[in-house]
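Report on the structure given below.
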Amino acid sequence: MKDWIHTVMTRELKSLRREIEAYSSDADMWRLVPGIANPGGNLALHLAGNIQYFVGTVLGGTGYVRYRDAEFGSRDVPRAELLREIDGAIAAVDTGLRRVSDADLRTPFPEPVGGVTPTTGAFLAHLAVHLAYHLGQVDYHRRTLTGEGKTVGAMAVGELEAR
């Protein structure tokens, strides 16, 4: 299970990286679209911050400090900075999951989340699904702005090879 979570989170973060690279301009990542509250740039910051905190800091002891309000309140962060944050999240997955054993997956997550304390395995699965959910939103945001129907190869089954 731990290896599967590592593989899926890494795949989704690499797909997020490709989505951010595929925007026509830095400005497009921040353009608001009617009916869509969060542009791709904010979703990228949110996903990178979420993973760096819960997997990197809580499980891996990295010391990353999360500023959740800034994930949604920031605007016009350059693409290069977003890509660094995504790379930080990929590194956090490696660091955090290296310190988790299969037995740990059945124990309570070290920090309550939303007033509950799920098992570590359940919360990691939730984080992977949360990542995929927002990745789809980034894809739709980008395609709406660019008018392009092509994908960036998100959620490629071929990227599920065993580590």
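The values are calculated or read from the model by the stated rules, or taken from the named source; none is laboratory data. Owing to the predicted nature of the structure, the values given are computational and were not obtained by experimental measurement. No Cβ is skipped: glycine too gets one built from the backbone with ideal geometry, and neighbour counts run over all protein chains shown. SASA here: full protein model, heavy atoms, side chains in, ligands and nucleic acids out. Shrake-Rupley method; radii C 1.70, N 1.55, O 1.52, S 1.80 Å.
Before moving on, here are some points about what is shown:
- Listed conditions (1) at pLDDT 95 or above; (2) buried (at least 17 other Cβ atoms within 10 Å of the Cβ); (3) in contact with a Phe, Trp or Tyr (Cβ under 9 Å, 6 or more places away or on another chain); (4) of a type in the set (A, V, I, L, M) are all met by Val65, apart from (2).
- Only listed residue being surrounded by 18 or more Cβ atoms within 10 Å (Cβ to Cβ) and within 15 Å of the chain's Cα centre (by Cα), chosen from Gly60, Gly96: Gly96
- Unique match (being of a type outside the set (A, V, I, L, M, F, W, C) and surrounded by fewer than 17 Cβ atoms within 10 Å (Cβ to Cβ)) among Glu71, Glu81, Glu85: Glu81
- Unique residue being among the β-branched types (Val, Ile, Thr) and farther than 30 Å from Pro110 by Cβ when the list is Ile51, Ile36: Ile36
- Looking across segment 28-50 at every residue that is outside any loop (DSSP other than H, G, I, E, B) and more than 22 Å from Val129 (Cα to Cα), the one that is least open to solvent (accessible area, probe 1.4 Å) is identified as Met29.
- Output for segment 120-147, where each listed residue is over 20 Å from the mean Cα position of the chain (by Cα) and either touching a residue at least 12 places away in the same chain (Cβ under 8 Å) or under 17 Å from Ala48 (Cα atoms) (or both): Thr144, Leu145, Thr146
- When Ser25 is tested against (1) open to solvent by 20 Å² or more (accessible area, probe 1.4 Å); (2) in a helix (DSSP H, G or I); (3) more than 30 Å from Pro108 (Cβ to Cβ); (4) without any contact (Cβ under 8 Å) to a residue 60 or more places away in the chain, only condition (2) is not met.
- Number of the exception - Tyr53 against (1) open to solvent by 60 Å² or more (accessible area, probe 1.4 Å); (2) within 14 Å of the chain's Cα centre (by Cα); (3) of a type in the set (Ser, Thr, Tyr): (1)
- Qualifying residues in segment 1-21 (those that are within 11 Å of the chain's Cα centre (by Cα) and under 21 Å from Phe123 (Cβ atoms)) - the one surrounded by the most Cβ atoms within 10 Å (Cβ to Cβ): Leu16
- Any hit, segment 106-123, residues being assigned to a helix (DSSP H, G or I), farther than 22 Å from Leu16 by Cα and among the charged types (D, E, K, R): yes
- From the list Arg11, Arg17, Arg66, the one residue that fits, being among the charged types (D, E, K, R) and assigned to a loop (DSSP other than H, G, I, E, B), is Arg66.
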